[in-house]
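Data first, discussion second: the structure below is written as structure tokens.
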Amino acid sequence: MFYSKKSLGQNFLKDQNIIKKIINLKNIKNKDIVEIGPGKGAITEEILKHHPNSLTIIEKDNYLLKKLNEKYKNYNSIRFYNNDILKINLEKIIKKNSIIFGNLPYNVSSQILVKLIKFTKWPPKFTDLILMFQKEVAEKIIGKSYGRLSIIANYRLKYLNKFDVSPNCFFPKPKITSTVIHLVPIRKLKYKINDIKNLEYITNIFFSGRRKMINKKIKKVFNLDQIKKFKNLDFKDRPADLKKEFYYQATEFYESG
């Protein structure tokens, strides 16, 4: 008998209605698909029923990948990678116009999303992200709970659809509700940020003390001439009082020196 590993954040989806709902968010017939963390293959099985052009599977757990490899050994269209998604060069191995699915481990889900957002070439090779997160993290991504993650995510991604998934749909049963989000890349970016790591840096500076006023934080990053470029800026504001556009503009100013 296989037991889930808490260290890998494993919660296996078992509800067939939810699995079908996830796959039906996008027409995947004859498309190139990537699945992150397939686990026992519940979503994998449904993906293959829709006849994709190819399927790239990335699974960190040696035992689970071995079982999937044995089960689907006769499928020439499947590529298997026994890798940590945070370490593999995903941008290199996926095909153009891929659709990415993932029931992501709760403990690293935001890190995985940021990795996808930080693709060097933009627009990226993927056209759609259909990913499951802890509900609390999902609300940060879509901006319902405003902060660093929503600012970074909404710079390059737009969400199209979402729905919640009950803990009863998993084994083992988690203590929290999950949310599936369908995200697509924003192809024409309004703000020109040369390196998204600089957006990470700017938001980290400001949100390191999110309840404190921004007066000291902005002086830590910008000189007086740069600060004057910000129109109608109230130094008594807190980081969460400022719209996401402020942080995009701030990053542009930072990169321009």
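The values are calculated or read from the model by the stated rules, or taken from the named source; none is laboratory data. Because the structure is a prediction, the values reported are computed rather than measured. Here the Cβ positions follow ideal geometry from the backbone for every residue, glycine too, while neighbour counts run over all protein chains shown.
Yes or no, residue by residue, for (1) modelled with pLDDT of 95 or more; (2) within 16 Å of Lys140 (Cα to Cα); (3) assigned by TED's automatic domain parsing to the domain that holds Leu131:
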position: Pro167; (1), (2), (3): yes, no, yes
position: Phe171; (1), (2), (3): no, no, yes
position: Ile181; (1), (2), (3): yes, yes, yes
position: Ile202; (1), (2), (3): yes, no, no
position: Lys228; (1), (2), (3): no, no, no
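Being in a helix (DSSP H, G or I) and either farther than 19 Å from Lys243 by Cβ or out of contact with any helix residue (DSSP H, G or I) (no Cβ under 8 Å at 6 or more places or on another chain) (or both) is true for just one of Asn154, Asn168, Asn204. Which residue is that? I'd like the intermediate steps shown before the answer.
Working: Asn154 fails: either farther than 19 Å from Lys243 by Cβ or out of contact with any helix residue (DSSP H, G or I) (no Cβ under 8 Å at 6 or more places or on another chain) (or both); Asn204 fails: either farther than 19 Å from Lys243 by Cβ or out of contact with any helix residue (DSSP H, G or I) (no Cβ under 8 Å at 6 or more places or on another chain) (or both).
Selected residue: Asn168, the only one of Asn154, Asn168, Asn204 that is in a helix (DSSP H, G or I) and either farther than 19 Å from Lys243 by Cβ or out of contact with any helix residue (DSSP H, G or I) (no Cβ under 8 Å at 6 or more places or on another chain) (or both).
Only residues that are part of a loop (DSSP other than H, G, I, E, B), at negative phi and not β-branched (Val, Ile, Thr) were counted across segment 26-70, and they come to 12. So which residues in segment 118-148 are within 29 Å of Lys20 (Cβ to Cβ) and assigned to a helix (DSSP H, G or I)? Result: Lys135, Glu136, Val137, Ala138, Glu139, Lys140, Ile141, Ile142. Residues that are in contact (Cβ under 8 Å) with a residue 12 or more places away in the chain and either part of a helix (DSSP H, G or I) or touching a Lys or Arg at 6+ places or on another chain (Cβ under 6 Å) (or both) were ranked within segment 212-237; the one that is surrounded by the fewest Cβ atoms within 10 Å (Cβ to Cβ) is Lys220. Output yes when any residue across segment 78-100 is among the basic types (Lys, Arg), assigned to a helix (DSSP H, G or I), free of Cβ contacts under 8 Å to residues at least 12 places away in the same chain and farther than 17 Å from Thr179 by Cα, and no when none is. Yes - at least one qualifying residue is present in segment 78-100.
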